[in-house]
Structure formats: structure tokens, C-alpha cells
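The block underneath contains the structure these notes are about, expressed in C-alpha cells.
The values are calculated or read from the model by the stated rules, or taken from the named source; none is laboratory data. Being a predicted model, the structure only gives us computed values, none of them experimental. Neighbour counts are summed over all protein chains in view; Cβ atoms, including those assigned to glycine, are modelled from backbone coordinates with ideal geometry. Protein only, heavy atoms only, side chains kept; ligands, DNA and RNA dropped before computing areas. Shrake-Rupley method; radii C 1.70, N 1.55, O 1.52, S 1.80 Å.
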Amino acid sequence: MKLGIIRCMQTEDYCPGTTDFAFIREKKGAFEGVEGAGKSTALKNMARELGQEGVDVLVTREPGGSGLGKALRTLLLDCNSRITPDAELCLFLADRAQHVAEIIRPALAAGKVVLCDRYADSTYAYQGFARGMDLRRLRLLNDAVTGGLRPDLTLVFDVPEEEGLARAKARNQSEGTEVSEGRFDSETLKSHAA
């Protein structure tokens, strides 16, 4: 299976005014990309490889990496949820605030490498580009809820939107999660291309 193009990006490339990433400063990496691009698979593979090299790795995700996040994930990803863009943003930010405080910062303090399936860049993509929200405002809000914690490295996985959505829908169908995890997958192709 082709996983697509992997690009290391700095947020400056698409969100002027930020300069996020230096390699392995705080040992936090984020995996971003379109639905079905293979980021979760690549994250698991990287975690396994690092673990085999004796690196203490924490694998986590957004939404849903904390106890509160699991409840918010259910609400955010369910196809039956009708959420306004502003409410959606607030729920994702609440998830991120709890996730950073409860899971990510303690893991970093313990010397672990943290690999996160989605982080703030997903907010720029989904709420910024797809929903039309102001990117500078999103950056300020993300910084406020994370205390400015940013990944040292972000890997962006890219495949054509049609291919990624087909993969995501097939995955959700095979796992029986079309309704409970399919809200973003069911959006128009145009919103994924944004």
C-alpha cells in the first residue's frame, strides 16, 4: 500500500508568524495529514522502531488522548453530532488543553518521546482552511491552551483527497465506526481539499 508523500513542514509555511519546529528539543512529534493518508500506521511503526532502540515512547492522539478527550472525541467525530464551527473549535481546544496538561507535559517531564496522531496543525487545516477561521486567532488560541507547547517535528502525510477518504471510509466500515468516527470523513471533498 502506498502511504503517500511525507513532508516535514514548519507552520510558518502556511501560518505566518509562527516558527514551530526544531529537531528533538522537547522530544515531541506530531503526525498530520488528510484522512486515510497513513499517519496512524506510520506513527505506530515509528513508535515500534524507537522502542526497539530503547527509547521510552508515549503514543497518543487528538482528539481522545485524555479521559476528557475520549468523551469529546465521541461527540466530535459522531456523524449524528450537529456542531457549529465555533463550538467545534472550542471542543477541540478543550481536548488539547486537557491532553497537554494531563498526558503530554508529564510524559515529556519523565523523559519520554511523545508521538501524537494530530495536534494543533489539524486545527489550522480543519478550522482554519476548511471552516474559514482566522489562522492568527487559531494560533493564539492554541498557544493559550497549550502554554505554547509545539512539536519539535511534524510529519505531514499527503495523498489525493479522494484516495484518502476512500481509505478512511473503508477503515471505518471494517471497524464498524462509520457513524461513531465518520463525521469528518462524510464532509464534502471540497472541505478536505481546503
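The table below lists the values:
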quantity	calculated
One residue from A130, A109 being open to solvent by 40 Å² or more (accessible area, probe 1.4 Å) and either aliphatic (A, V, I, L, M) or under 15 Å from the mean Cα position of the chain (by Cα) (or both)	A109
Within the range 136-149, tally of residues that are open to solvent by 50 Å² or more (accessible area, probe 1.4 Å) and of a type outside the set (A, V, I, L, M, F, W, C)	3
Which numbered condition D20 fails, given (1) open to solvent by 30 Å² or more (accessible area, probe 1.4 Å); (2) at pLDDT below 50; (3) touching an Asp or Glu at 6+ places or on another chain (Cβ under 9 Å)	(1)
Residue in the range 77-100 that is surrounded by fewer than 18 Cβ atoms within 10 Å (Cβ to Cβ), closer than 17 Å to A30 by Cα and touching a residue at least 40 places away in the same chain (Cβ under 8 Å) present	no
Selected residue (criterion: modelled with the lowest pLDDT) from residues of the range 122-157 that are outside any helix (DSSP H, G or I) and of a type in the set (V, I, T)	V156
